[in-house]
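The values are calculated or read from the model by the stated rules, or taken from the named source; none is laboratory data. For clarity, every value in this text was computed on a predicted model and none was experimentally measured. Ideal geometry is used to build each Cβ from the backbone, glycine not excepted, and the neighbour counts take in all protein chains shown. In case anyone asks, the SASA skips ligands and DNA or RNA and just uses the protein heavy atoms, side chains included. Shrake-Rupley method; radii C 1.70, N 1.55, O 1.52, S 1.80 Å.
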Amino acid sequence: MEISRRPTPPTGLRRAAFRAPIRLYRMGLGALVPSRLLLLNHIGRVSGQPRQVVIEVVEHERSSGSYIVCSGFGPNAQWYRNLLAHPEVTIQVGARRLPVTAEPLNAEEGGAFMAGYAARHPRAARKLVKFMGFTVDGTLADYRAAGRELPFVRLAPRGALR
């Protein structure tokens, strides 16, 4: 695994495209958004104001009801930093709303989730790691190494945190 270039958060029209699913959620049309995406309602760590972002689900742990997400823009992504400051948040997946607690995962756990994602979704994983600035050889070991470099978070239903 090699880090080729780390992406910067989108601006301008690209940012508007990334945020387009938020409009569907706000219009009550969350059921139209694919279940691999969720709406994260969080609190700004500096402003204290409500914030929203749509992020991809890496894995849904059905046994606990938890969702695993990853900050593809790294540890400086605003939503990730906000979760560290205020871990009690709500998410919406489709039409379902859920109060959750954000639990940052360690590098080994992140690597395992990235390798699992690559095994389940090889084409999407290739595109995803390329977007995130990694060059991988396609082996699960390389995906695991890339996952160790990224911040992963478990969004556990309140009271279900491990």
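Which ones in region 86-104 are within 25 Å of F134 (Cα to Cα) and either open to solvent by less than 10 Å² (accessible area, probe 1.4 Å) or of a type in the set (D, E) (or both)?
Of all residues in region 86-104, those within 25 Å of F134 (Cα to Cα) come to 103-104.
Matches in region 86-104: E103 only.
Can you tell me which residues in region 150-162 are at pLDDT below 95 and either crowded, with 18+ Cβ neighbours inside 10 Å or among the hydrophobic types (A, V, I, L, M, F, W, C) (or both)? Reasoning before the result, please.
So in region 150-162, the residues at pLDDT below 95 come out as 150, 158-162.
Answer for region 150-162, where residues must be at pLDDT below 95 and either crowded, with 18+ Cβ neighbours inside 10 Å or among the hydrophobic types (A, V, I, L, M, F, W, C) (or both): L150, A160, L161.
What is the residue count in region 5-43 for residues that are of a type in the set (S, T, Y), surrounded by 15 or more Cβ atoms within 10 Å (Cβ to Cβ) and either touching an Asp or Glu at 6+ places or on another chain (Cβ under 7 Å) or modelled with pLDDT under 85 (or both)?
In the first step, residues of region 5-43 are kept if they are of a type in the set (S, T, Y); the result is 8, 11, 25, 35.
Cutting the leftovers down to surrounded by 15 or more Cβ atoms within 10 Å (Cβ to Cβ) gives us 25.
Filter once more, so that each one left must be either touching an Asp or Glu at 6+ places or on another chain (Cβ under 7 Å) or modelled with pLDDT under 85 (or both): none.
Number satisfying all stated conditions: 0.
May I ask you to list the residues in region 25-53 that are in contact (Cβ under 8 Å) with a residue 40 or more places away in the chain, β-branched (V, I, T) and under 22 Å from E103 (Cβ atoms)?
I43, the sole residue that qualifies.
Tell me which residues, restricted to region 57-75, are open to solvent by 20 Å² or more (accessible area, probe 1.4 Å), more than 21 Å from I3 (Cα to Cα) and in a strand (DSSP E or B).
E59, H60, E61
On the basis of being closer than 29 Å to I3 by Cα, out of contact with any Gly (no Cβ under 6 Å at 6 or more places or on another chain) and surrounded by 14 or more Cβ atoms within 10 Å (Cβ to Cβ), does L83 make the cut? It would help to see each step written out before you state the result.
Details: closer than 29 Å to I3 by Cα: yes; out of contact with any Gly (no Cβ under 6 Å at 6 or more places or on another chain): yes; surrounded by 14 or more Cβ atoms within 10 Å (Cβ to Cβ): yes.
So L83 fits the description; yes.
Write out, first by first residue and then by second, each pair whose Cβ atoms fall under 6 Å of each other, whose residues are 6+ apart or on separate chains, and whose first residue, in region 7-24, is in a loop (DSSP other than H, G, I, E, B) while the second is open to solvent by less than 70 Å² (accessible area, probe 1.4 Å).
If the second residue must be open to solvent by less than 70 Å² (accessible area, probe 1.4 Å), the pairs left are P7/G133; P9/F73.
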